[in-house]
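FYI, it's all coordinate maths here, none of it is from the lab. Since the model is a prediction, treat every value here as computed from it, not as a measurement. Here the Cβ is made from the backbone with ideal geometry for all residues, glycine too, and neighbour counts use every protein chain on show.
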Amino acid sequence: MSQSTFSSTIHPWAVLNGVRFGSAHIGPTPGHSSRGSALLATADLPEAGGLLLVVPRDLVLSRETVLETAKADRGLAELLEATREWATTPRLTILLFLLHLTTTRTSHSSRFTTYLSSLPTPPLPTLWPEHQVNFLSGTTLASAVTAKLSTLHREWTTLASLLADHTPSLLTWTMLDAQYRSRALELPPIGACMAPILDMANHASSPNAYYDVSNGDIQLHLHGGAAVAAGEEITISYGSHKGACEMLFSYGFLPSDMCSAGTLFLPIALADDDPLAPAKRAWCTAAPGVRISDAEAKEDEPDAADGEAPRGVTWDSDALWLAVVNEEDGLSIRAARRLDGRHDLVVLWRDSEVPHAGALRPLLEKEELWPVLLLRATVVVRQVVEAQVEGLEGSAGEFERAVSEVSDGEDEFGPTGLARRLRGLELDLLKRAEVSLDGQIAELMRHPTVTAYLESMNADSGAQGEEATEDDDLAH
């Protein structure tokens, strides 16, 4: 669909369904018409700010909207009933509604058909061909895409068992997920939803507009002090502190002014010889990884990271603290019988119950050996970062060979250009993290508590060695 055809179709649909346009209209993205639509200023907008757009509550596509629509749409109601025990989240409910729109044109649901048919194919990595997904090898996005595709396949398999002959193709299900994920908002009190027309607004690191909810309607406002000339783009923020991996995963692009990966999530694993490993895995609900963040990229945020090292790199993890302590330190895990006869795992640090993984660190901080425990955790983080660097650098040759075999060139907005940028941004942050962590480890090694602990451990090892030698002598 051409941009002119799109605008002439979607604008009347929006007005018909109650969208109130103030000083904004839909048009091609300035300077990048091939990249889709945008919201543009209809006139010079003053720095005083003002209301630009209102999307009525009943046009916001949420779980509530879908359930309400199903009351008058028998086909949708039957679909939701067939999947009732499975589709319990807003995302799945909305995806099923989008699926319903692709297969039927009932009078009650068709008000959204024009909207759905107008949506472009999102350039998300989950829709990239396999050879282009391989460009991501070594990046944190590679495992995220693999995990997402695996989840989508499981969902599709479940859907097939529930719908029998009416099952969509896996590609259709993946496409609907991409359309939802690239446009989803989390709006209190509405929750997860899609907001037609508002989702035409593109992202900017320094946006000139913002949205909120008023009386159930979504309103788009011009920021005070943000003068916009007629025809210029009206932009919002998709998340001011989302890292490069998340931006590419969820939206299929990297902002042109992004100069840092921002945040990386690296997996961690419990030690193979950890006797409590099975119980820890069963109890811990925290994400099994560590988040590496570029503190310089979010200077306006308070420092809440577990470890902070020089040069503006921080790390934090709830699961990691469970991995670095064990029974000899004061951790214990036991089974507690509930009133219904079932058993729950209970984690204790000395005599204090730990309700969740995030509550362990504050207890550890009170320990005399806290600097030692912090050193343990920091060393683990350093090892995880080093492994990620090795994987990224080790896959560089494979990436270049794969790129030489495709013909999409080095388009910065295409998979090749995006993968190259992501690889560079992540490697830069990882390298800086290595330097930062080395500095933190060196500082902790000089801490009096750590030096005293290591001296006592060395003394104990020496004493055990002498005892072993005496035993050997007696044996002979």
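Cα centroids of the stretch 36-57 and the stretch 115-172: 34 Å apart. 3J(HN,Hα) couplings calculated from phi for the stretch 225-237 with the Karplus curve 6.51 cos²θ - 1.76 cosθ + 1.60 (θ = phi - 60°) are, in sequence order, x, 9, 5, 10, 7, 4, x, 6, 7, 9, 10, 10, 9 Hz; Gly and Pro show x.
If you model the stretch 344-405 as an ellipsoid using its alpha carbon gyration tensor, with each semi-axis the square root of five times an eigenvalue, the axes come out at 41, 16, 7 Å, biggest first. With Cα atoms defining each centre, the stretch 181-199 and the stretch 430-455 are spaced 44 Å apart in the structure.
How many percent of the alpha carbon pairs in the stretch 263-445 exceed a separation of 19 Å?
The answer is 65 percent, as a whole percent.
Across the chain, the convex hull enclosing all Cα atoms gives 227 Å³ per residue. Among the DSSP beta bridges whose two residues both lie in the chain, what percent are antiparallel, rounded to the nearest 5? Once the DSSP bridges in the chain are tallied, antiparallel ones form about 95 percent. Between the beta carbons of residue 172 and residue 459, assuming R0 = 56 Å, the FRET efficiency works out to 0.25 to the nearest 0.05. Against the longest alpha carbon principal axis of the chain, how many degrees, from 0 to 90 and to the nearest 10, is the axis of helix 170-181 turned? Roughly 90 degrees, rounded to the nearest 10. In degrees from 0 to 90, rounded to the nearest 10, what is the angle of the helix 90-103 Cα long axis to the longest principal axis of the chain? Helix 90-103 sits roughly 40 degrees off the main axis of the chain. When the GluC sites (Glu not before Pro) in the stretch 57-87 are filtered for DSSP coil states and for at most 12 other beta-carbon atoms within 10 Å of their beta-carbon, the remaining sites are 85. For the chain, the longest principal axis of the alpha carbon atoms and the long axis of helix 140-163 meet at an angle near 60°.
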